[in-house]
Amino acid sequence: MATLVHTLADHSDDVNYCAFSSSCLATCSLDKTVRVYSLDNFTELPYSPLRGHTYAVHCCCFSPSGLLLASCSTDGTTRVWHTGDGRVLAVLEQPGGSPVRVCRFSPQSTCLVSGAADGSVVLWNVPSLGLYRSGNVKDGSLVACAFSPDGNFFVTGSSCGDLTIWDDKMRCLYNEKAHDLGVTCCDISSQPVSDGEHGFRYFLMASCGQDNQIKLWLISFADFLGIELKYKCTLYGHSAPVLACAFSHDGQMLVSGSVDKCVIIYETTTGSTLHTLSQHTRYVTTCAFAPHSSLLATGSMDKTVNVWQFDVKEPCAAYTAENDPRVAVETWSEDDVSAWLCAQGLADFVGLFKRNNIDGKELLHLTKESLANELKIESLGLRSKVLQKIEELRMKVIPVSVTVPDEFLCPITRELMKDPVIAADGYSYEKDAIEKWINNKRRSSPMTNLPLPTLVLTPNRTLKMAISRWLETQQE
């Protein structure tokens, strides 16, 4: 359970960002200030608020040791503060003076990245507090940044929708179009997904954007292949642009905040929803987990920061159907249905569904009439909410008795193809999947590993029609 334990209402304008150290919480705002609170009792430190920026403060972050605090602003500067007494250690001016939208310390505190509205990216040397390297994203404003846990690379996100991976010498390693309407935030889990084989290292990254989506990615690194960004899945739940996302310290949870005024907490492994928090009255602009405690902070355009105590021992939802459409909901037990209800924010209905012995098969056959007449849910709004979730579930699952023909599955993603194309190796692939394969500078067949004589892709209309006919038969 997530319990609201404190609300901070000291800012006089929109809260733009919040960040934790092991002992403090920092917040920044359109009101040009940065405020720093003790986690012991959520009182402001004696030197707070920090003043000095002449325009809105967009982002703030602690160094890993907690001794330094950086903040960046529309005034074109990134300020570095000492957290012991609040004094300014440096005022770092962005080349060109463009508004600075994001700043982030490297895990070893050796570097500080600042990104600006003109697309400039600056890597500052922390010991000397001087400029080390600089670069530019190819399009748009730079609005998001996250370091890998080992500090060997960092990712930036831009308003044009690109995710760009840089090494610690500011060399561009990889670029990916991630969100069509623009990236708003990104974060990398501090816990590796797996070590893999052949020298691979995997990191889990989340990105969110103006398209209402949160996407999970795997960043792999191998000496002989370099960096690669692989799409993993999309998390749904928000009904408006998602402005912020952040992993918990152990990587087990992901939190997001949105224009829809909601905060959603996901279980990272399954992508299931653990909690939906809706206490903010305006856009949720920022969210952050504390590094060594079960605290969560969320900030909003309502000028407040809510601090939540999160029960990290709470069991995760058991169902996986929303993440794998081939999972058979028909086989769910009553306990599986209960877990699904909790994940959808419908925990109040668990007892009612159990009393009526609703298992997976019964769940899929519920209608607005049966919800009203048999389950006696009197509120039209609540019936509509339950039915909407059931309809979403019906659209994502395939009955237990159905096995998807193997020839309908993309050899790369192993998912049902929507736009199959034929490559030069004679095999059919999902168009987006094979294009990404080729764009990653691979010129060999995913199936045979032999060189492709040509990169031309031909639409497989016959296969597409066959898949459409097969899907129609499953709906009869």
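Overview of values
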| read-out | value |
| --- | --- |
| Residue within segment 83-95 that is more than 21 Å from residue 188 (Cα to Cα) and of a type in the set (S, T, N, Q) present | yes |
| Selected residue [within 24 Å of residue 81 (Cβ to Cβ) and open to solvent by 30 Å² or more (accessible area, probe 1.4 Å)] from 117, 144 | 117 |
| Residue within segment 161-171 that is farther than 18 Å from residue 123 by Cα and of a type outside the set (A, V, I, L, M) present | yes |
| Residue match in segment 25-43 (condition: in contact with a Pro (Cβ under 8 Å, 6 or more places away or on another chain) and at pLDDT below 95) | no |
| In segment 340-350, residue nearest to residue 372 (Cα to Cα) [restricted to those that are at pLDDT below 80 and either part of a helix (DSSP H, G or I) or open to solvent by 60 Å² or more (accessible area, probe 1.4 Å) (or both)] | 348 |
| Residue within segment 388-408 that is of a type outside the set (A, V, I, L, M), open to solvent by less than 50 Å² (accessible area, probe 1.4 Å) and within 30 Å of residue 229 (Cβ to Cβ) present | yes |
| Residues that are at negative phi, surrounded by 14 or more Cβ atoms within 10 Å (Cβ to Cβ) and part of a loop (DSSP other than H, G, I, E, B), drawn from segment 68-93 | 74, 75, 83 |
| Residue count, segment 435-470 (criterion: touching a residue at least 24 places away in the same chain (Cβ under 8 Å) and not in a loop (DSSP other than H, G, I, E, B)) | 9 |
| Residue that is surrounded by 13 or more Cβ atoms within 10 Å (Cβ to Cβ), in contact (Cβ under 8 Å) with a residue 40 or more places away in the chain and basic (Lys, Arg), where the choices are 35, 104 | 104 |
| Residue within segment 109-126 that is in contact (Cβ under 8 Å) with a residue 60 or more places away in the chain and assigned to a loop (DSSP other than H, G, I, E, B) present | yes |
| Matching entry among 269, 320, 281 (being open to solvent by 40 Å² or more (accessible area, probe 1.4 Å), within 21 Å of residue 362 (Cβ to Cβ) and either part of a loop (DSSP other than H, G, I, E, B) or modelled with pLDDT of 75 or more (or both)) | 320 |
| Residue in segment 324-339 that is modelled with pLDDT of 75 or more, among the polar types (S, T, N, Q) and in a helix (DSSP H, G or I) present | yes |
| Residue that is least open to solvent (accessible area, probe 1.4 Å), among those in segment 49-63 that are part of a loop (DSSP other than H, G, I, E, B) and in contact with a Phe, Trp or Tyr (Cβ under 9 Å, 6 or more places away or on another chain) | 63 |
| Some residue of segment 406-426 being in a loop (DSSP other than H, G, I, E, B), more than 27 Å from residue 450 (Cβ to Cβ) and modelled with pLDDT under 85 | no |
| Criterion violated by residue 300 - all others in (1) at pLDDT 75 or above; (2) open to solvent by 20 Å² or more (accessible area, probe 1.4 Å) satisfied | (2) |
| Filter result for residue 386 (within 32 Å of the chain's Cα centre (by Cα) and either among the aromatic types (Phe, Trp, Tyr) or modelled with pLDDT of 85 or more (or both)) | yes |
| Members of segment 303-317 that are modelled with pLDDT of 60 or more and either open to solvent by 20 Å² or more (accessible area, probe 1.4 Å) or out of contact with any Ser or Thr (no Cβ under 8 Å at 6 or more places or on another chain) (or both) | 303, 304, 309, 311 |
| Selection status of residue 30, more than 25 Å from residue 265 (Cα to Cα) and open to solvent by less than 30 Å² (accessible area, probe 1.4 Å) | no |
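The values are calculated or read from the model by the stated rules, or taken from the named source; none is laboratory data. For clarity, every value in this text was computed on a predicted model and none was experimentally measured. Heads up, the Cβs are rebuilt from the backbone with ideal geometry, glycines too, and the neighbour counts pull from every protein chain shown. Ligands, DNA and RNA are excluded from the accessible area calculation, which covers all protein heavy atoms including side chains. Shrake-Rupley method; radii C 1.70, N 1.55, O 1.52, S 1.80 Å.
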